[in-house]
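Accompanying notes for the structure given below.
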Amino acid sequence: MLKKRVWQILLATLLLSSLILTACGTAAPAEEEAMPAGDAAVEVFSWWTGGGEAAGLDAMIGIFNAEYAGTEFINAAVAGGAGTNARAVLATRLQSGDPPDSWQGHAGQELIGTYVAGGQIEPLNDLYEAEGWLAVMPETLIPLISDGGNIYSVPVNIHRANVLWYNPAVLEANGVAVPATVADWFTAMDTLQAAGVTPLALGEQWTQLHLLETVLLGSLGSDAYDGLWNGSTDWASAEVTAALADFEKVLTYTNADAASLSWQDAAQLVINGDAAFNVMGDWAEGYFRELGKEPTTDYGWAPVPGSVGVFQFLSDSFTLAVGAPHPEGAEAWLKVAGSKAGQEAFNPVKGSICARTDCDASLFGVYLQSAMDDWASNIVSGSLTHGVVANDSWKSEIDTALGLFVADPDVASFQAALVAACAASGPCQ
Ligand code: GAL
């Protein structure tokens, strides 16, 4: 009898819970229908929040808004140069299944080794075909955004990493010529230091990694530099020891408060006449122009000493998330990012040249026109700091070794750590 009662209670409970579940089940679609076809939106994630970078993005958003007036553009940019903060936020969002529709990713190992390898982004072959992009994107770039026959992102630009910015008045006042070789650079910086001028402005750690990659390029030359990433240059070799010794010496010419300065702060030291040189990618040019500065009079530029004739490049590109909440909005955004109008609006302001090969050069200032000429004629090498040549784990091991070196400069242990990093995550495995 008691058993029968227990069964009755159990059955009643089961019935009740199934009713509740059914009710919830029917309620869900009703809620979905009630949502505005939410869809007319796109969330785009980047690290372009200021210093010339936001202005470039805004210009491209302007084109988007004109073409897709009914689609809300949600700008999910997270501040911090080179994406150091943004990429951490993005990783957390991707881990918790909350991807933005489209995000900024560097062409090369960053894109392929992280997002493609993680199954986080969709192939875009159909879009490339529909928009005819294969005919207008540089051939050098396509392999860096492709894997297994699929193309995974839309490049918006080409940036140059190995630029030496200088203050022409400071050089002139000290009788210093623009250096073309590493040896000339040291002589120039000795003169400046003796005159009480900070020779080289430097900022927080990622800008130090940026400086390291350009000094490696300048000291080793492009073949041996490329060999660091493809396994043909021995990280334990004497030529790498010499390049690291050059880097150690370069650091002795920098400001003591580097760790607390953003890339904009460091670039501004040059513009203000408080330092002679700064090594930074050409987004610095977008920043100088935003500050109202004039090319050639307020700032000059040259390849980082030792790297004349080499264009060390990187490319910002945009992706389509697997599980994008707004796939239609994302497609609309990618069409604008890959379009001539979008790239012509974005790049002259951002301080980069178009990824597309058909942009109108007359829209660009004198620095960017020189960058176009160099991109077309120079030897091309890839950037470490900005995702081209090494995957994220290798880059982060190099960055850790660099942090220790900057705190306590010792070339032998730095080199040993770099050898170990290549063995752990690079082609020396
Ligand atoms: C790079 C990025 C550039 C610029 C720079 C400084 O990684 O490719 O577009 O934003 O960081 O933030």
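At-a-glance table
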item: Given (1) surrounded by 21 or more Cβ atoms within 10 Å (Cβ to Cβ); (2) modelled with pLDDT of 95 or more, number of the condition Ala59 does not satisfy; result: (1)
item: Any hit, segment 136-146, residues being within 27 Å of Val389 (Cβ to Cβ) and either in contact with an Asp or Glu (Cβ under 9 Å, 6 or more places away or on another chain) or in a strand (DSSP E or B) (or both); result: yes
item: Scan of segment 382-429 for residues that are more than 16 Å from the ligand (Cβ to nearest atom) and either among the β-branched types (Val, Ile, Thr) or not in a helix (DSSP H, G or I) (or both), ordered by number; result: Thr400, Val406, Asp408, Pro409, Asp410, Val411, Val419, Gly426, Pro427, Cys428, Gln429
item: Wholly enclosed strands (runs of 3 or more DSSP E) of segment 233-341 bearing at least 1 residues more than 16 Å from the ligand (Cβ to nearest atom) and in contact with a Leu (Cβ under 7 Å, 6 or more places away or on another chain); result: 275-279, 300-303, 310-314
item: All positions within segment 227-254 that are in contact (Cβ under 8 Å) with a residue 24 or more places away in the chain and surrounded by fewer than 19 Cβ atoms within 10 Å (Cβ to Cβ); result: Asn230, Gly231, Ala236, Thr241, Ala245, Glu248, Lys249, Leu251
item: Unique match (being within 16 Å of the ligand (Cβ to nearest atom), outside any loop (DSSP other than H, G, I, E, B), under 26 Å from Ser339 (Cβ atoms) and small (Gly, Ala, Ser)) among Ala86, Ala77; result: Ala86
item: Any hit, segment 343-356, residues being open to solvent by 40 Å² or more (accessible area, probe 1.4 Å), touching a residue at least 24 places away in the same chain (Cβ under 8 Å) and either farther than 21 Å from Glu290 by Cβ or not assigned by TED's automatic domain parsing to the domain that holds Gly80 (or both); result: no
item: Filter result for Gly105 (outside any helix (DSSP H, G or I), within 16 Å of the ligand (Cβ to nearest atom) and open to solvent by less than 40 Å² (accessible area, probe 1.4 Å)); result: yes
item: Single residue of segment 194-208 satisfying the filter (in a helix (DSSP H, G or I) and under 17 Å from Ala266 (Cα atoms)) that is most open to solvent (accessible area, probe 1.4 Å); result: Gln205
item: In segment 357-380, residue surrounded by the fewest Cβ atoms within 10 Å (Cβ to Cβ) [restricted to those that are more than 16 Å from the ligand (Cβ to nearest atom) and hydroxyl-bearing (Ser, Thr, Tyr)]; result: Ser362
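Here's the yes/no breakdown for (1) within 16 Å of the ligand (Cβ to nearest atom); (2) at pLDDT below 95; (3) open to solvent by less than 10 Å² (accessible area, probe 1.4 Å); (4) touching a helix residue (DSSP H, G or I) at 6+ places or on another chain (Cβ under 9 Å):
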{"site": "Thr71", "(1), (2), (3), (4)": "no, no, no, yes"}
{"site": "Leu94", "(1), (2), (3), (4)": "no, no, no, yes"}
{"site": "Pro100", "(1), (2), (3), (4)": "no, no, yes, yes"}
{"site": "Leu127", "(1), (2), (3), (4)": "no, no, no, yes"}
{"site": "Glu131", "(1), (2), (3), (4)": "no, no, no, yes"}
{"site": "Ser146", "(1), (2), (3), (4)": "no, no, no, yes"}
{"site": "His159", "(1), (2), (3), (4)": "yes, no, yes, yes"}
{"site": "Tyr166", "(1), (2), (3), (4)": "no, no, no, yes"}
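The values are calculated or read from the model by the stated rules, or taken from the named source; none is laboratory data. Everything numeric in this text was worked out from a predicted model, so none of it was measured. As a convention, Cβ positions derive from the backbone with ideal geometry for all residues, glycine included, and neighbour counts pool all protein chains shown. Only protein heavy atoms, including side chains, enter the accessible area calculation; ligands, DNA and RNA are left aside. Shrake-Rupley method; radii C 1.70, N 1.55, O 1.52, S 1.80 Å.
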